[in-house]
Amino acid sequence: MPIAKVNGVEVEFEPGMTVLQVAELAGEEIPRFCYHERLSIAGNCRMCLVEVKPGPPKPQASCALPAAENQEIFTNTPMVKKAREGVMEFLLINHPLDCPICDQGGECDLQDQAMGYGRDDSRYDENKRAVEEKEMGPVIKTVMTRCIQCTRCVRFITEVAGVPDIGLISRGEDVEITTYLGKAVASELSGNVNDLCPVGALTHKPWTFQYRPWELKKTQSIDVMDAMGAAIRVDSRGAQVLRALPRVNEDINEEWLSDKSRYAVDGLSRQRLDRPYVRVNGKLAPATWGEAFAAVASRIKATTPDRVGVIAGDLQDAESMKAALDLFGSLGVTNLDCRQDGVALGAGPRESWLFNSTFAGIENADVVLLVGTNPRLEAPVFNTRLRKQWIAGKTRIGVIGDNADLTYDYDYLGAGGQTLAGLAKSKSDFVQALKSAERPAIIVGQGALTGPGGAAVLKTLAGLAKTFGVVRDGWNGWNVLHTAAARVGGLDLGFIPAEGGKTALEMVKPGALDVLVLLGADEIEASASGAFTVYLGSHGDRGAHGADVILPGAAYTEKTGLYVNTEGRVQMAERVVFPKGQAKEDWAVLRALSAMVGHTLPYDTLDALRSKLMADHPTFGRIDYLSAPASFDVGSLGKKGDLGDTAFVSSVRDPYLNNPITRASATMAELSALRIAPVAMAAE
């Protein structure tokens, strides 16, 4: 590898690296505003000036200068220091002196670098430039007078998000960042531009004037708004969760986060269940825990096991599902299901319901077939990886299902079952490319595997996977893209009907059961079942509306819980604040209920529960570990049947209103309304 010197220290570097990257390899910190590792190079701000020999005797922008063999780089000479101080003075000419009221205060790059390179006075007496504010939507607050035209927001929206709604207009002193025709930014990832902005020009509108960074307690956790398990940091003050920010995790979310995962946190404090309720004379009335447990226990004791059912929701942690399995399994109940949508998964090897290529590994696939999924709605951050590969020209993508805007071009093959049935015999260019691909991949969405024909679709897809060699030695391209954070954990636990048991959709049919227990299950209509319904959850949402007994549980930020993402990676969500009011952690509620029904669970602490969980299911003992994808007989999946001509529709129709927390969020309501009626918005 070539070698360069940085301040007299020799450094080996890879060909194609810039001077800035080589300097950082040597441990030198280079100030910058416009440069970002995941965006194209703009060279706008000139803050990263260095001195290079051989070369002209002047400072040069290190972010845009290729490193060369035997190059000498100097980052701390008097020339460099004076040049950077000049750039900082230039940047501050028009910057307003409003740090005390700026939401970026305390975590602002301009503040930090002004401490190192700023002057203690100003040589300018002219009036500062003022720029009108822009309307960019419900999550982006603008104070464009602060803007230093680094264009990070423009490059992110154009290159990563694939929605070129932000641009730079005019020249010289009149240059401005704006949206086209005053339109709101129509991206599921728009909140990332607020993180990228190095000054206070773009800040988080839902959190305006709510906090100062140094007031907040910071807790590292994982996101459960979809099945990716993005790494996040949840910030709280007292008993209130105030914001969620992305953490860097190259294997999952890189450093991006969807708007839903970021801004739904205001739903954690709204429509909360904070005390037990029991229905008396047709109306829910507040009750004590003892009264609520007594009402539930008396019904369960008076009912035969075959008339009792349990449905686990999409946000449940593994501990609560394990406690439910142990409790109701000891009672002889076989009607247990974690699949509210009735998806045809759960039988066969574990690999049959996992995203085996992994999120990072999908970048190695040369041809990808999407079936019944819209990753832009179901996993927006994962969609950026597909777009990245498409931009690089490394991956060809085909779609069976929604003909939607995915932010990249693809071969649209058809809408549903008939297209899938004839795919193997098709002579289309895409099918031929899939057959000859070295690393083909199929990504199956929940929209293809639900409904009466779900098992037949799975069988057909499995046959195609075998025909196209999707699963082979050294490569497993069979991928299921889940949308529920609890789904893979539930399937790993075996939270599915035992022999002779009813599925979730069968349980909610009128007269099917006498007692129905909903563990945070809000995406299934259970009010017409006629059963005595017990709801254990955190929000007064759909599941609680028709319940006869409500047991208040903890939200994901109020308990330490294990989740398994769609790759099969076991992750731990950490407690940020304590449950609201009288609410308790779900597993503790089930433990107390077990004593009332006479089948006391054999653990009194969370550690004891986890020990049993990991002993019974060793997978859960490997936190944040992902084993190499194993080969399996993909052809054995599913059942033969008629595919019909049903179109495969994404299971997520409105990504901003698809769980109890998002439906309680005011910000999600605004984003949903904007998505449904994307009208041009005049600048305020």
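I'm trying to understand the selection: among the residues of segment 77-89, which are touching a residue at least 12 places away in the same chain (Cβ under 8 Å), more than 18 Å from residue 198 (Cβ to Cβ) and assigned to a helix (DSSP H, G or I)?
Across segment 77-89, the qualifying residues are 79, 80, 81, 83.
Quick check on my filter: what residues within segment 238-254 are touching a strand residue (DSSP E or B) at 6+ places or on another chain (Cβ under 7 Å) and part of a strand (DSSP E or B)?
241, 242, 243, 244, 245, 246, 249
From 548, 514, which residue is touching a helix residue (DSSP H, G or I) at 6+ places or on another chain (Cβ under 8 Å) and within 21 Å of residue 289 (Cβ to Cβ)? Steps first, please.
Working: 514 fails: within 21 Å of residue 289 (Cβ to Cβ).
Criteria check complete, one pass: 548.
List, please: which pairs have Cβ atoms under 9 Å, are six or more places apart or on different chains, and start with a residue in segment 237-256 that is more than 22 Å from residue 625 (Cβ to Cβ) and among the aliphatic types (A, V, I, L, M) and end with one that is part of a loop (DSSP other than H, G, I, E, B) and open to solvent by 60 Å² or more (accessible area, probe 1.4 Å)?
239/578; 242/210
In the list 541, 586, which residue meets the criterion of being closer than 30 Å to residue 359 by Cβ, touching a Ser or Thr at 6+ places or on another chain (Cβ under 8 Å) and touching a residue at least 60 places away in the same chain (Cβ under 8 Å)?
Just a single option satisfies the conditions, and that option is 586.
Output the residue which, of all residues in segment 143-185 that are hydroxyl-bearing (Ser, Thr, Tyr) and farther than 18 Å from residue 674 by Cα, is surrounded by the most Cβ atoms within 10 Å (Cβ to Cβ). Steps first, answer last, please.
Of segment 143-185, the ones hydroxyl-bearing (Ser, Thr, Tyr) are 145, 151, 158, 170, 178-180.
Narrowing the set further to residues that are farther than 18 Å from residue 674 by Cα leaves 145, 151, 158, 170, 178.
Working: 145: 17, 151: 20, 158: 17, 170: 9, 178: 22.
Filtering segment 143-185 for residues that are hydroxyl-bearing (Ser, Thr, Tyr) and farther than 18 Å from residue 674 by Cα, the one surrounded by the most Cβ atoms within 10 Å (Cβ to Cβ) comes out as 178.
Can you pull out the residues in segment 278-304 that are open to solvent by 50 Å² or more (accessible area, probe 1.4 Å) and either charged (D, E, K, R) or under 23 Å from residue 325 (Cβ atoms) (or both)?
Taking segment 278-304 first, the residues open to solvent by 50 Å² or more (accessible area, probe 1.4 Å) are 279-284, 286, 288, 291, 298-299, 301-302, 304.
Listed by number, the residues that qualify are 279, 283, 291, 298, 299, 301, 302, 304.
Considering only segment 471-486, state which residues are farther than 16 Å from residue 359 by Cβ and open to solvent by less than 10 Å² (accessible area, probe 1.4 Å).
484, 486
Any chance you could count how many residues in segment 234-245 are among the basic types (Lys, Arg), surrounded by fewer than 17 Cβ atoms within 10 Å (Cβ to Cβ) and in contact with a Ser or Thr (Cβ under 9 Å, 6 or more places away or on another chain)?
Summing the residues that are among the basic types (Lys, Arg), surrounded by fewer than 17 Cβ atoms within 10 Å (Cβ to Cβ) and in contact with a Ser or Thr (Cβ under 9 Å, 6 or more places away or on another chain) in segment 234-245 gives 0.
For (1) in contact with a strand residue (DSSP E or B) (Cβ under 9 Å, 6 or more places away or on another chain); (2) open to solvent by less than 20 Å² (accessible area, probe 1.4 Å); (3) touching a residue at least 40 places away in the same chain (Cβ under 8 Å), each residue gets a yes or a no:
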| residue | (1), (2), (3) |
| --- | --- |
| 58 | yes, no, no |
| 68 | yes, no, yes |
| 72 | yes, no, yes |
| 75 | yes, yes, yes |
| 91 | no, no, yes |
| 96 | no, no, yes |
| 108 | no, yes, yes |
| 111 | no, no, no |
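Go through 332, 346 for me and flag whichever is more than 29 Å from residue 279 (Cβ to Cβ), open to solvent by 10 Å² or more (accessible area, probe 1.4 Å) and either in a loop (DSSP other than H, G, I, E, B) or in contact with an Asp or Glu (Cβ under 9 Å, 6 or more places away or on another chain) (or both).
346 is the lone residue from the list that is more than 29 Å from residue 279 (Cβ to Cβ), open to solvent by 10 Å² or more (accessible area, probe 1.4 Å) and either in a loop (DSSP other than H, G, I, E, B) or in contact with an Asp or Glu (Cβ under 9 Å, 6 or more places away or on another chain) (or both).
Condition test on residue 230, is it surrounded by 24 or more Cβ atoms within 10 Å (Cβ to Cβ) and either modelled with pLDDT of 95 or more or not hydroxyl-bearing (Ser, Thr, Tyr) (or both)?
So residue 230 fits the description; yes.
Mind listing just one residue for me: the one in segment 377-402 that is in contact (Cβ under 8 Å) with a residue 12 or more places away in the chain and aliphatic (A, V, I, L, M) and, of those, farthest from residue 414 (Cα to Cα)? Don't jump to the end; show me each part of the working.
In the first step, residues of segment 377-402 are kept if they are in contact (Cβ under 8 Å) with a residue 12 or more places away in the chain; the result is 377-391, 394-402.
If we keep only those that are aliphatic (A, V, I, L, M) too, we end up with 377, 379, 381, 386, 391, 397, 399-400.
Numbers: 377: 19, 379: 22, 381: 25, 386: 20, 391: 23, 397: 13, 399: 7, 400: 5 Å.
Here the residue is 381.
Of these, 505, 461, which one is within 21 Å of residue 321 (Cα to Cα) and of a type in the set (A, V, I, L, M)?
One residue alone meets the criteria, 505.
So residue 349 clears everything in (1) touching a helix residue (DSSP H, G or I) at 6+ places or on another chain (Cβ under 8 Å); (2) under 23 Å from residue 638 (Cα atoms) except one condition, right? Which one?
The number of the failed condition is (1).
What's the number of the only condition in (1) out of contact with any Pro (no Cβ under 7 Å at 6 or more places or on another chain); (2) under 27 Å from residue 274 (Cβ atoms); (3) assigned to a helix (DSSP H, G or I) that residue 611 fails to meet?
Unmet condition: (2).
Is there a residue being touching a Cys at 6+ places or on another chain (Cβ under 9 Å) and not charged (D, E, K, R) anywhere in segment 291-306? Walk me through how you get there before you give the answer.
Kept after step one, since they are touching a Cys at 6+ places or on another chain (Cβ under 9 Å), are these residues of segment 291-306: none.
No, because not a single residue in segment 291-306 is touching a Cys at 6+ places or on another chain (Cβ under 9 Å) and not charged (D, E, K, R).
Tally up the residues in segment 596-625 that are open to solvent by 50 Å² or more (accessible area, probe 1.4 Å) and of a type in the set (A, V, I, L, M), please.
Count: 4.
Can you tell me which residue in segment 190-225 is nearest to residue 568 (Cα to Cα), limited to those that are in a loop (DSSP other than H, G, I, E, B) and open to solvent by 10 Å² or more (accessible area, probe 1.4 Å)?
Once the filter is applied, the top-ranked residue is 216.
Here are 376, 385: which of them is within 23 Å of residue 363 (Cα to Cα) and open to solvent by 20 Å² or more (accessible area, probe 1.4 Å)?
The match here is 376.
Being charged (D, E, K, R), part of a helix (DSSP H, G or I) and over 20 Å from residue 619 (Cβ atoms) is the filter here, so list the residues in segment 453-505 that pass it.
459, 466
Output the number of the condition that residue 635 fails; it satisfies all remaining conditions of (1) assigned to a helix (DSSP H, G or I); (2) at pLDDT below 95; (3) open to solvent by 50 Å² or more (accessible area, probe 1.4 Å).
(3)
The values are calculated or read from the model by the stated rules, or taken from the named source; none is laboratory data. These numbers come from a predicted model, not from an experiment. When we count neighbours, we look across all protein chains shown, and the Cβ atoms used for this are built from the backbone with ideal geometry, even at glycine. Note: areas computed on protein heavy atoms with side chains; ligands, DNA, RNA excluded. Shrake-Rupley method; radii C 1.70, N 1.55, O 1.52, S 1.80 Å.
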